[in-house]
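Colleague: One structure is given below, represented as C-alpha coordinates, and several questions about it will come after.
The values are calculated or read from the model by the stated rules, or taken from the named source; none is laboratory data. Only a predicted model underlies this, so the values are computations on that prediction, with no experimental measurement involved. Counting neighbours? That spans all protein chains shown, and the Cβs are built from the backbone with ideal geometry, glycine included. Keep in mind that these areas ignore ligands, DNA and RNA; they rest on the heavy atoms of the full protein, side chains included. Shrake-Rupley method; radii C 1.70, N 1.55, O 1.52, S 1.80 Å.
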Amino acid sequence: MEKLLDHQVALITGASSGIGSGVAQALANAGAAVVLNYHSHGEAAEALADKIGKAGGRAIAVQADVADPAQVEKMFDACRKHFESVDIVIANSGVQKDNAFTDMTLDDWKAVLATNLTGQFLTTQAAVKEFRRRGPRPVSKALGKIICMSSVHELIPWGGHVNYAASKGGIQMFMKSLAQEVAPERIRVNSIAPGAIRTPINKDAWDTEAALEKLLKLIPYGRMGETEDIGKAAVWLASDESDYVVGTTLFVDGGMTLYPGFADNG
Ligand code: BGC
(Lines give C-alpha, C1' and ligand atoms only; values in the text may rest on other atoms or scores of the structure.)
Protein backbone atom coordinates (compact mmCIF):
# COMPACT_ATOMS: atom_id res chain seq x y z
CA MET A 1 0.00 0.00 0.00
CA GLU A 2 1.27 3.48 -0.88
CA LYS A 3 2.28 5.50 2.14
CA LEU A 4 2.12 9.29 2.49
CA LEU A 5 5.90 9.83 2.41
CA ASP A 6 7.02 6.97 0.18
CA HIS A 7 10.18 7.70 -1.89
CA GLN A 8 11.02 10.76 0.22
CA VAL A 9 14.05 11.35 2.41
CA ALA A 10 13.81 13.17 5.74
CA LEU A 11 16.57 14.60 7.91
CA ILE A 12 15.68 15.06 11.57
CA THR A 13 18.10 16.89 13.83
CA GLY A 14 18.21 15.92 17.49
CA ALA A 15 16.66 12.55 16.68
CA SER A 16 18.22 10.48 19.46
CA SER A 17 15.56 11.28 22.06
CA GLY A 18 12.30 13.01 22.86
CA ILE A 19 10.31 14.75 20.15
CA GLY A 20 13.01 14.25 17.49
CA SER A 21 12.99 10.52 18.01
CA GLY A 22 9.18 10.36 17.91
CA VAL A 23 9.04 12.45 14.74
CA ALA A 24 11.70 10.30 13.06
CA GLN A 25 9.77 7.13 13.89
CA ALA A 26 6.53 8.63 12.55
CA LEU A 27 8.14 9.79 9.29
CA ALA A 28 9.71 6.34 8.83
CA ASN A 29 6.31 4.69 9.48
CA ALA A 30 4.91 6.95 6.75
CA GLY A 31 7.47 5.58 4.28
CA ALA A 32 10.30 8.12 4.38
CA ALA A 33 13.96 7.11 4.53
CA VAL A 34 15.31 8.92 7.58
CA VAL A 35 18.64 10.48 8.48
CA LEU A 36 18.85 10.63 12.25
CA ASN A 37 21.13 13.36 13.48
CA TYR A 38 22.39 13.23 17.05
CA HIS A 39 24.81 15.29 19.09
CA SER A 40 25.99 13.05 21.92
CA HIS A 41 23.75 9.97 22.22
CA GLY A 42 25.05 7.78 19.42
CA GLU A 43 23.81 4.50 20.93
CA ALA A 44 20.22 5.76 21.10
CA ALA A 45 20.31 7.05 17.51
CA GLU A 46 21.88 3.81 16.24
CA ALA A 47 19.28 1.77 18.15
CA LEU A 48 16.47 3.75 16.53
CA ALA A 49 18.04 3.33 13.08
CA ASP A 50 18.25 -0.39 13.77
CA LYS A 51 14.65 -0.61 14.88
CA ILE A 52 13.45 1.22 11.77
CA GLY A 53 15.61 -1.01 9.56
CA LYS A 54 14.26 -4.19 11.14
CA ALA A 55 10.71 -2.97 10.51
CA GLY A 56 11.52 -2.66 6.80
CA GLY A 57 12.39 1.05 6.72
CA ARG A 58 15.60 2.84 5.80
CA ALA A 59 17.54 4.84 8.38
CA ILE A 60 21.05 5.99 9.19
CA ALA A 61 22.42 7.86 12.21
CA VAL A 62 24.79 10.81 11.75
CA GLN A 63 26.65 12.72 14.45
CA ALA A 64 26.82 16.51 14.14
CA ASP A 65 26.62 19.61 16.29
CA VAL A 66 24.04 21.74 14.48
CA ALA A 67 25.68 24.93 15.77
CA ASP A 68 28.81 24.18 13.71
CA PRO A 69 28.59 24.96 9.97
CA ALA A 70 31.18 22.33 8.96
CA GLN A 71 29.33 19.61 10.87
CA VAL A 72 26.01 20.67 9.36
CA GLU A 73 27.59 20.32 5.93
CA LYS A 74 28.76 16.82 6.91
CA MET A 75 25.15 15.95 7.82
CA PHE A 76 23.91 16.97 4.36
CA ASP A 77 26.81 15.09 2.73
CA ALA A 78 25.49 11.97 4.48
CA CYS A 79 22.00 12.59 3.03
CA ARG A 80 23.50 12.87 -0.47
CA LYS A 81 25.78 9.90 -0.05
CA HIS A 82 23.19 7.46 1.32
CA PHE A 83 19.93 8.69 -0.18
CA GLU A 84 20.92 11.05 -3.06
CA SER A 85 19.30 14.11 -1.50
CA VAL A 86 16.73 15.16 1.09
CA ASP A 87 13.08 16.26 0.69
CA ILE A 88 12.03 17.00 4.28
CA VAL A 89 14.16 18.72 6.91
CA ILE A 90 13.03 18.87 10.52
CA ALA A 91 15.13 21.43 12.43
CA ASN A 92 14.40 19.99 15.83
CA SER A 93 17.55 20.09 18.00
CA GLY A 94 16.90 22.03 21.16
CA VAL A 95 18.19 22.35 24.71
CA GLN A 96 17.14 24.02 27.95
CA LYS A 97 19.56 25.53 30.47
CA ASP A 98 17.19 27.11 32.95
CA ASN A 99 17.99 29.60 35.67
CA ALA A 100 16.66 32.67 37.45
CA PHE A 101 17.55 35.68 35.34
CA THR A 102 20.43 37.08 37.41
CA ASP A 103 21.89 33.61 37.94
CA MET A 104 21.90 32.77 34.24
CA THR A 105 25.45 32.65 32.96
CA LEU A 106 26.52 34.03 29.61
CA ASP A 107 27.54 30.46 28.69
CA ASP A 108 24.01 29.21 29.37
CA TRP A 109 22.57 32.03 27.28
CA LYS A 110 24.97 31.38 24.39
CA ALA A 111 24.59 27.58 24.47
CA VAL A 112 20.79 27.71 24.19
CA LEU A 113 20.81 30.32 21.43
CA ALA A 114 23.54 28.41 19.57
CA THR A 115 21.61 25.14 19.38
CA ASN A 116 18.03 26.38 19.28
CA LEU A 117 18.37 29.38 16.96
CA THR A 118 21.74 29.31 15.17
CA GLY A 119 21.32 25.54 14.74
CA GLN A 120 18.04 26.09 12.89
CA PHE A 121 19.62 28.86 10.78
CA LEU A 122 22.50 26.62 9.68
CA THR A 123 20.34 23.52 9.14
CA THR A 124 17.67 25.27 7.09
CA GLN A 125 20.21 27.28 5.08
CA ALA A 126 21.92 24.06 4.04
CA ALA A 127 18.48 22.56 3.30
CA VAL A 128 17.47 25.39 0.94
CA LYS A 129 20.82 25.09 -0.90
CA GLU A 130 20.35 21.33 -1.26
CA PHE A 131 16.75 21.67 -2.55
CA ARG A 132 17.99 24.15 -5.18
CA ARG A 133 20.97 22.00 -6.16
CA ARG A 134 18.93 18.87 -6.90
CA GLY A 135 15.87 20.59 -8.37
CA PRO A 136 12.30 19.25 -8.42
CA ARG A 137 11.57 15.55 -7.92
CA PRO A 138 8.35 13.72 -8.73
CA VAL A 139 8.00 12.61 -5.09
CA SER A 140 6.31 15.82 -3.90
CA LYS A 141 4.56 18.93 -5.20
CA ALA A 142 7.02 21.08 -3.26
CA LEU A 143 10.70 21.49 -4.05
CA GLY A 144 11.31 20.81 -0.37
CA LYS A 145 9.69 21.02 3.04
CA ILE A 146 11.18 22.49 6.20
CA ILE A 147 9.66 22.16 9.66
CA CYS A 148 11.12 24.26 12.46
CA MET A 149 10.50 22.83 15.92
CA SER A 150 9.27 25.74 17.96
CA SER A 151 7.36 25.67 21.27
CA VAL A 152 4.33 27.19 22.95
CA HIS A 153 7.04 29.47 24.36
CA GLU A 154 7.26 31.32 21.06
CA LEU A 155 4.06 32.87 22.47
CA ILE A 156 3.90 32.18 26.22
CA PRO A 157 6.48 34.12 28.27
CA TRP A 158 8.50 31.84 30.56
CA GLY A 159 10.23 33.27 33.63
CA GLY A 160 13.31 31.32 34.68
CA HIS A 161 13.83 30.34 31.06
CA VAL A 162 14.57 33.63 29.27
CA ASN A 163 17.23 32.06 27.05
CA TYR A 164 14.88 29.29 25.88
CA ALA A 165 11.87 31.60 25.41
CA ALA A 166 14.04 34.09 23.49
CA SER A 167 15.23 31.31 21.20
CA LYS A 168 11.67 30.15 20.46
CA GLY A 169 10.39 33.72 20.07
CA GLY A 170 13.21 34.10 17.56
CA ILE A 171 12.12 30.97 15.71
CA GLN A 172 8.69 32.51 15.15
CA MET A 173 9.99 35.41 13.04
CA PHE A 174 12.86 33.37 11.60
CA MET A 175 10.43 30.78 10.22
CA LYS A 176 7.96 33.31 8.82
CA SER A 177 10.67 35.44 7.18
CA LEU A 178 12.31 32.41 5.62
CA ALA A 179 8.93 31.04 4.49
CA GLN A 180 8.14 34.34 2.77
CA GLU A 181 11.54 34.43 1.05
CA VAL A 182 11.57 30.90 -0.38
CA ALA A 183 7.87 30.18 -1.02
CA PRO A 184 8.13 31.39 -4.66
CA GLU A 185 10.53 28.46 -5.23
CA ARG A 186 7.89 26.08 -3.85
CA ILE A 187 9.81 25.47 -0.67
CA ARG A 188 7.36 25.18 2.20
CA VAL A 189 8.56 26.33 5.61
CA ASN A 190 6.37 25.88 8.69
CA SER A 191 6.74 25.35 12.43
CA ILE A 192 5.29 22.98 14.97
CA ALA A 193 4.86 24.45 18.45
CA PRO A 194 4.53 21.60 20.95
CA GLY A 195 3.14 22.12 24.43
CA ALA A 196 4.11 19.87 27.34
CA ILE A 197 5.16 16.63 25.68
CA ARG A 198 6.31 13.77 27.93
CA THR A 199 10.09 13.68 27.22
CA PRO A 200 13.33 13.84 29.24
CA ILE A 201 13.62 17.63 28.74
CA ASN A 202 10.69 18.33 31.11
CA LYS A 203 10.85 15.27 33.38
CA ASP A 204 10.69 17.43 36.52
CA ALA A 205 7.29 18.70 35.39
CA TRP A 206 5.64 15.26 35.21
CA ASP A 207 7.51 12.59 37.14
CA THR A 208 5.78 13.12 40.48
CA GLU A 209 2.03 13.21 41.08
CA ALA A 210 2.20 16.71 42.54
CA ALA A 211 4.17 18.07 39.58
CA LEU A 212 1.84 16.43 37.07
CA GLU A 213 -1.26 17.78 38.82
CA LYS A 214 0.20 21.31 38.67
CA LEU A 215 1.12 20.89 35.01
CA LEU A 216 -2.32 19.60 34.01
CA LYS A 217 -3.87 22.85 35.28
CA LEU A 218 -2.14 24.48 32.29
CA ILE A 219 -3.60 22.03 29.75
CA PRO A 220 -7.33 22.41 29.01
CA TYR A 221 -7.45 19.06 27.19
CA GLY A 222 -6.47 17.33 30.42
CA ARG A 223 -3.51 15.23 29.39
CA MET A 224 0.16 15.63 28.59
CA GLY A 225 1.22 15.29 24.98
CA GLU A 226 3.10 12.24 23.73
CA THR A 227 5.82 12.30 21.07
CA GLU A 228 3.37 10.49 18.73
CA ASP A 229 1.13 13.58 18.83
CA ILE A 230 3.98 15.61 17.35
CA GLY A 231 4.95 12.79 14.98
CA LYS A 232 1.48 12.75 13.41
CA ALA A 233 1.48 16.52 12.95
CA ALA A 234 4.95 16.35 11.37
CA VAL A 235 3.88 13.67 8.87
CA TRP A 236 0.95 15.80 7.74
CA LEU A 237 2.99 19.01 7.54
CA ALA A 238 5.73 17.23 5.57
CA SER A 239 3.32 15.64 3.10
CA ASP A 240 1.44 16.97 0.08
CA GLU A 241 -1.73 16.78 2.22
CA SER A 242 -0.65 20.19 3.54
CA ASP A 243 0.64 21.52 0.21
CA TYR A 244 -1.08 24.92 0.65
CA VAL A 245 0.18 25.42 4.21
CA VAL A 246 3.05 27.92 4.12
CA GLY A 247 4.60 29.96 6.94
CA THR A 248 2.27 28.69 9.65
CA THR A 249 2.92 27.65 13.22
CA LEU A 250 0.89 24.58 14.09
CA PHE A 251 0.30 24.50 17.85
CA VAL A 252 0.04 20.93 19.15
CA ASP A 253 -0.47 21.69 22.81
CA GLY A 254 -3.79 20.41 24.19
CA GLY A 255 -4.92 24.04 24.39
CA MET A 256 -2.01 25.30 26.51
CA THR A 257 -2.00 28.55 24.54
CA LEU A 258 -5.70 29.22 25.34
CA TYR A 259 -4.94 31.12 28.59
CA PRO A 260 -6.53 28.41 30.79
CA GLY A 261 -6.27 30.70 33.84
CA PHE A 262 -9.10 32.76 32.31
CA ALA A 263 -11.52 29.82 31.95
CA ASP A 264 -13.48 30.96 35.01
CA ASN A 265 -13.18 34.70 34.37
CA GLY A 266 -9.57 35.01 35.56
C1 BGC B 1 9.66 22.90 26.90
C2 BGC B 1 9.15 21.97 27.98
C3 BGC B 1 7.84 22.49 28.55
C4 BGC B 1 6.85 22.86 27.47
C5 BGC B 1 5.60 23.54 28.01
C6 BGC B 1 8.56 23.11 25.89
O7 BGC B 1 9.00 23.89 24.84
O8 BGC B 1 10.82 22.34 26.30
O9 BGC B 1 10.11 21.86 29.00
O10 BGC B 1 7.26 21.49 29.38
O11 BGC B 1 7.46 23.72 26.54
O12 BGC B 1 5.89 24.53 28.96
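Colleague: Any residue that is of a type outside the set (Asp, Glu) and at pLDDT below 95 - is there at least one of those in the stretch 252-261?
Modeller: yes
Colleague: Only one of GLY170, GLY159, GLY195, GLY135 is buried (at least 19 other Cβ atoms within 10 Å of the Cβ) and not acidic (Asp, Glu); which?
Modeller: Of the residues listed, the single one that is buried (at least 19 other Cβ atoms within 10 Å of the Cβ) and not acidic (Asp, Glu) is GLY195.
Colleague: Cβ contacts < 8 Å: first residue more than 26 Å from ILE90 (Cβ to Cβ), restricted to the stretch 249-266; second residue within 14 Å of the ligand (Cβ to nearest atom) and among the aliphatic types (A, V, I, L, M), any location; separation 6+ or different chain. Result?
Modeller: PRO260/LEU218; PRO260/ILE219
Colleague: Is it fair to say ALA210 is open to solvent by 70 Å² or more (accessible area, probe 1.4 Å) and assigned to a helix (DSSP H, G or I)?
Modeller: When the stated conditions are applied, ALA210 passes them.
Colleague: Which condition number in (1) open to solvent by 10 Å² or more (accessible area, probe 1.4 Å); (2) more than 19 Å from PHE121 (Cβ to Cβ); (3) among the hydrophobic types (A, V, I, L, M, F, W, C) is the one that LEU27 fails?
Modeller: (1)
Colleague: If you don't mind, another one. Given the residues THR199, THR208, which is the only one that is at pLDDT 95 or above and closer than 30 Å to ALA126 by Cα?
Modeller: Unique residue meeting the criteria: THR199.
Colleague: Moving to a separate point now. Name the residues in the stretch 138-151 that are under 19 Å from the mean Cα position of the chain (by Cα) and either free of Cβ contacts under 8 Å to residues at least 60 places away in the same chain or open to solvent by 20 Å² or more (accessible area, probe 1.4 Å) (or both), would you?
Modeller: Result: GLY144, ILE146, CYS148, SER151.
Colleague: Name the single residue that is farthest from ILE171 (Cα to Cα) among those in the stretch 240-266 being more than 17 Å from the chain's Cα centre (by Cα), open to solvent by less than 70 Å² (accessible area, probe 1.4 Å) and within 16 Å of the ligand (Cβ to nearest atom).
Modeller: Once the filter is applied, the top-ranked residue is GLY261.
Colleague: Sort out which residues of the stretch 80-96 are within 21 Å of HIS39 (Cβ to Cβ) and within 18 Å of the chain's Cα centre (by Cα), and write them in order of number.
Modeller: VAL86, ILE88, VAL89, ILE90, ALA91, ASN92, SER93, GLY94, VAL95, GLN96
Colleague: Considering only the stretch 62-79, I want to know if a residue exists there that is among the small types (Gly, Ala, Ser), within 16 Å of the chain's Cα centre (by Cα) and within 16 Å of the ligand (Cβ to nearest atom).
Modeller: no
Here's the yes/no breakdown for (1) in contact with a Leu (Cβ under 9 Å, 6 or more places away or on another chain); (2) without any contact (Cβ under 8 Å) to a residue 60 or more places away in the chain; (3) open to solvent by 20 Å² or more (accessible area, probe 1.4 Å):
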position	(1), (2), (3)
VAL23	no, no, no
ASN37	yes, yes, no
PRO69	yes, yes, yes
LYS81	no, yes, yes
SER93	no, no, no
ALA114	no, yes, yes
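Colleague: How about the stretch 222-239: which of its residues are in contact with a strand residue (DSSP E or B) (Cβ under 9 Å, 6 or more places away or on another chain) and either surrounded by fewer than 19 Cβ atoms within 10 Å (Cβ to Cβ) or not in a loop (DSSP other than H, G, I, E, B) (or both)?
Modeller: GLY225, GLU226, THR227, ASP229, ILE230, LYS232, ALA233, ALA234, TRP236, LEU237, ALA238
Colleague: Check the stretch 201-211 and report whether any residue there is within 13 Å of the ligand (Cβ to nearest atom) and either among the acidic types (Asp, Glu) or within 30 Å of LYS141 (Cβ to Cβ) (or both).
Modeller: yes
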